[in-house]
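Data first, discussion second: the structure below is written as structure tokens.
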Amino acid sequence: MPVIDSGAEPGAGSTASGTPPAPGRPARGAPGAAPTAGPAARRARPGLLRALLSSRKALFGGVVLVLFAAVALLAPVLSPADPALITGLAAQPPSAEHPLGTTAKGQDVLGLTLWGARSSLLVGFTVGIAATALAIVVGMAAAYFGRVVDDLLSLVVNVFLLLPGLPLLVILAAFLPAGTGTVIAVLVITGWAGSARVLRAQALSIRGKDFVAAAVVTGERPARIMFREILPNMASVVMTTFLGCVIFGIGAQAGLEFLGLGDASVVSWGTNLYWASNDGALMTGSWWAFVPSGLCIALVAFALAMVNYAVDEITNPRLRGGRAGRRAAAVGATPVAPAHTTEREG
Amino acid sequence: MRFILRNLGFYLIAFWTSITLNFLLPRFMPGDPVSRMFSQAQDQMRPEQMDELRRLFGLDDRPLWEQYLSYVGNVFTGEMGTSISRFPTPVSEVIGSQIGWTLLLGATALLIAVVVGNLLGVLAAWRRGGPLDSALPPLLVFVGSFPYFWLAMGALYLFGVTLGWFPLRHAFDVGLTPEFSWPFLSNVASHLVLPALTIVLVTIGGWMLGMRNTMIATVAEDYITMAEAKGLRPGRIMFRYAARNALLPSVTNFGMALGFVVGGALLTEVVFAYPGVGYQLLDAVQGLDYPLMQGIFLTITAAVLVANFVVDIIYVRLDPRVRAR
């Protein structure tokens, strides 16, 4: 389960008792790369992983995601022919030869769906990683430096949150040249702000802890404090925002491509739906042309949401212990920042 | 009052950002929009018309800051240029004829989703672990995982094409003239059912879960125990004591969701060919009608900002704690 691993990376010195690294040593950028750890961090990783594995929701989500990842990787083996080739009669219902039927052009729908997983998952996860990274940098900087930096960055974040996302997406995509790179760039630009706000709130509560003050006093460099002292303590929030960004990426890519604003020559679930709609699959009753791709998008998004739920339940004692926290994975809920992960250390 | 003024400043900055974005995009993007339009409409357009177009666009030889100032000035006087695909109709006129439909669709869907969703959330939290609480949330999360344009396609196929219960496209039948009469209004309503229903289906889960979670926290408060000890009727405690206080986060979400009303119904409008600004925006994109595209974007942004500002003001009235900050 690579998804879970990358989010739950432990890091160094998460408690005040952990020996602070020598001041002035160059911070080597990569967040959470150091294997040394205070007692809390050492417990965190196997704890979170084991808890995830024993959660039915996370297990279901993980299995579905692994299955789809396998389909994406094995598409050339499972369906060797070029999916865009015309291999049968037009608009045929499912049969032995074409298990999911053919499109109005005569392409095999099963092949299109299998190959579509590649572009959709690739774009979704790339957007997830890039948007989360941007959100981490902005949210951390705002929380760490405070004052003018915080005011400025928060203003930018709030403006981006308020500008209507989909129309902005459409207008950006319309001006930029069509292509997968454009789609990714546009989705990152429009998708990072919400995460940045959540991460800033979380970082702010850790910023006030004693061990951060201790690190500042010993003269550690800001980048090192941000990424090696504060960030490792936010693993579960980073994970949650990452999963949210991937869900956004997959859904928004499909939406853009459905509108014809992606690269229509790429095979993905979004372009499959675009062609299905364009070729009048709805009107001719070819339900098999648009059902598989939509179902795949929904399954992946649902699986990600399930993992997200599990992470929330594991790391938020208020949700687990019968009394609910305010921060369940409600769609579009405004972050109230109840600072739930910090309680884990105690 | 200071709170409101500060917020007003923030919204002005947000609007200024979108104007600036609109100004910069055609000037710094690869490729010149005017030549792109020219190559698309090669047969109809002559070079001198192209120069005319450039001038209309504000893409002239004046220094950038001068162009910028006149652009901002034009926006605030409502002068957004001329539509290319519907030449020579002004952009503001095209938008004006369509925004009503978007508002109708978005507002209907939003109101239904908010009322029903919050009510379900209250009931689910009140009977925690009951059938409503255990069955509905996972189902709604699953339904919410579908791209909503895909649900729209499914609904159109099932209830429109196969069963024939509802009309397939547009906001009213061809041949009818808009008027305040029963036949016309009922026709509009029947065209509204499917698009509104799909938006409600996708969004209702978020409202329900949000309400459920705050409600659960509220129910655990001491004053609820106190009310129960006093022997008040459960219905009264549920709505007057608990739900009323749990509603505040939903008000904030309502402000964000208003953005959905104008901008978010876009994909649904496209599927149903519903004649709102979202459908028009796609039309403008396909026709490379940049002035219209930008005009719609600005209109949507302005509508979202104004709506959020209004919600902010209401929120201050509802929650006195905000004023203290």
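Take the residues of the stretch B:116-133 that are without any contact (Cβ under 8 Å) to a residue 40 or more places away in the chain and closer than 18 Å to B:Gly206 by Cα: which is most open to solvent (accessible area, probe 1.4 Å)?
Just the residues of the stretch B:116-133 that are without any contact (Cβ under 8 Å) to a residue 40 or more places away in the chain, to begin with: B:119, B:123, B:127, B:129-132.
Subsequent filtering for residues that are closer than 18 Å to B:Gly206 by Cα retains B:119, B:123, B:132.
Working: B:Leu119: 89, B:Leu123: 71, B:Leu132: 59 Å².
Here the answer is B:Leu119.
Right, A:Leu187: under 30 Å from B:Thr299 (Cα atoms), of a type in the set (A, V, I, L, M) and open to solvent by 10 Å² or more (accessible area, probe 1.4 Å) or not?
On the way: under 30 Å from B:Thr299 (Cα atoms): yes; of a type in the set (A, V, I, L, M): yes; open to solvent by 10 Å² or more (accessible area, probe 1.4 Å): no.
Criteria not met by A:Leu187.
Output the residue which, of all residues in the stretch B:135-165 that are open to solvent by less than 20 Å² (accessible area, probe 1.4 Å) and of a type in the set (Gly, Ala, Ser), is nearest to A:Gly249 (Cα to Cα).
Top of the filtered list is B:Ser145.
Only one residue in B:Thr218, B:Thr214, B:Thr177, B:Thr225 is in contact with a helix residue (DSSP H, G or I) (Cβ under 9 Å, 6 or more places away or on another chain), part of a helix (DSSP H, G or I) and either more than 8 Å from chain A (Cβ to nearest Cβ) or under 27 Å from B:Ala303 (Cα atoms) (or both), so which one is that? First the steps, then the outcome.
Values: B:Thr214 fails: either more than 8 Å from chain A (Cβ to nearest Cβ) or under 27 Å from B:Ala303 (Cα atoms) (or both); B:Thr177 fails: part of a helix (DSSP H, G or I); B:Thr225 fails: in contact with a helix residue (DSSP H, G or I) (Cβ under 9 Å, 6 or more places away or on another chain).
B:Thr218 is the lone residue from the list that is in contact with a helix residue (DSSP H, G or I) (Cβ under 9 Å, 6 or more places away or on another chain), part of a helix (DSSP H, G or I) and either more than 8 Å from chain A (Cβ to nearest Cβ) or under 27 Å from B:Ala303 (Cα atoms) (or both).
Among the residues of the stretch A:145-181, what is the count of those that are open to solvent by 30 Å² or more (accessible area, probe 1.4 Å), within 14 Å of chain B (Cβ to nearest Cβ) and part of a helix (DSSP H, G or I)?
The number of residues fulfilling the criteria is 11.
What pairs can you find where one residue is in the stretch B:134-151 and closer than 16 Å to B:Pro195 by Cβ, the other is hydroxyl-bearing (Ser, Thr, Tyr) and open to solvent by 30 Å² or more (accessible area, probe 1.4 Å), and their Cβ atoms are less than 9 Å apart, with a gap of 6+ or different chains?
B:Tyr148/B:Thr203; B:Phe149/A:Ser277
State which residue pairs qualify: first residue within 22 Å of B:Ile296 (Cα to Cα) and open to solvent by less than 100 Å² (accessible area, probe 1.4 Å) and inside the stretch B:1-22, second residue among the aliphatic types (A, V, I, L, M) and not in a helix (DSSP H, G or I) in any location, beta carbons under 6 Å apart, and separation of 6 or more residues or different chains.
Matching pairs, first to second residue: B:Ser18/A:Leu163.
B:Gly278 passes all but one of (1) open to solvent by 40 Å² or more (accessible area, probe 1.4 Å); (2) modelled with pLDDT of 85 or more; (3) of a type in the set (Gly, Ala, Ser); which number fails?
Tallying (1) open to solvent by 40 Å² or more (accessible area, probe 1.4 Å); (2) modelled with pLDDT of 85 or more; (3) of a type in the set (Gly, Ala, Ser), B:Gly278 fails exactly one: (1).
Residues that are within 9 Å of another protein chain (Cβ to nearest Cβ) and at pLDDT below 85: find the helices (runs of 4 or more DSSP H) completely inside the stretch A:229-346 holding 3 or more of those. Outline the logic, then answer.
Values: elements: A:235-258, A:269-278, A:281-284, A:287-315, A:317-320.
Once the helices (runs of 4 or more DSSP H) in the stretch A:229-346 are filtered for at least 3 residues that are within 9 Å of another protein chain (Cβ to nearest Cβ) and at pLDDT below 85, what remains is A:281-284.
Return yes or no: is B:Leu192 open to solvent by 60 Å² or more (accessible area, probe 1.4 Å), out of contact with any Pro (no Cβ under 7 Å at 6 or more places or on another chain) and either touching a residue at least 12 places away in the same chain (Cβ under 8 Å) or β-branched (Val, Ile, Thr) (or both)? Steps first, answer last, please.
Details: open to solvent by 60 Å² or more (accessible area, probe 1.4 Å): no; out of contact with any Pro (no Cβ under 7 Å at 6 or more places or on another chain): yes; either touching a residue at least 12 places away in the same chain (Cβ under 8 Å) or β-branched (Val, Ile, Thr) (or both): yes.
In short, no.
Would you mind stating whether B:Pro249 is surrounded by fewer than 24 Cβ atoms within 10 Å (Cβ to Cβ) and facing chain A (nearest Cβ under 8 Å)? Steps first, answer last, please.
On the way: surrounded by fewer than 24 Cβ atoms within 10 Å (Cβ to Cβ): yes; facing chain A (nearest Cβ under 8 Å): yes.
Yes; evaluated as a whole, the condition is true for this residue.
Need a quick list: helices (runs of 4 or more DSSP H) entirely within the stretch B:269-325 having at least 1 residues that are closer than 22 Å to A:Leu168 by Cβ and within 11 Å of chain A (Cβ to nearest Cβ).
Here the list reads B:277-286, B:290-318.
Which residue out of A:Asp279, A:Asp263 is among the charged types (D, E, K, R) and more than 24 Å from A:Phe175 (Cα to Cα)?
Working: A:Asp263 fails: more than 24 Å from A:Phe175 (Cα to Cα).
On inspection, the qualifying residue turns out to be A:Asp279.
Residues that are closer than 28 Å to B:Phe254 by Cβ, open to solvent by less than 70 Å² (accessible area, probe 1.4 Å) and under 26 Å from the mean Cα position of the chain (by Cα): does the stretch B:215-235 have at least one?
No, that holds for no residue.
The conditions are (1) small (Gly, Ala, Ser); (2) at pLDDT below 80; (3) in contact with a Leu (Cβ under 7 Å, 6 or more places away or on another chain), and B:Ala155 fails exactly one of them. Which is it?
(2)
The values are calculated or read from the model by the stated rules, or taken from the named source; none is laboratory data. Note that the coordinates shown come from a computational prediction; the quantities given were computed from them, not determined experimentally. Note: ideal-geometry Cβ built from the backbone for every residue, glycine included; neighbour counts use all protein chains shown. Side chains are part of the model used for accessible areas, which takes the heavy atoms of the whole protein and leaves out ligands, DNA and RNA. Shrake-Rupley method; radii C 1.70, N 1.55, O 1.52, S 1.80 Å.
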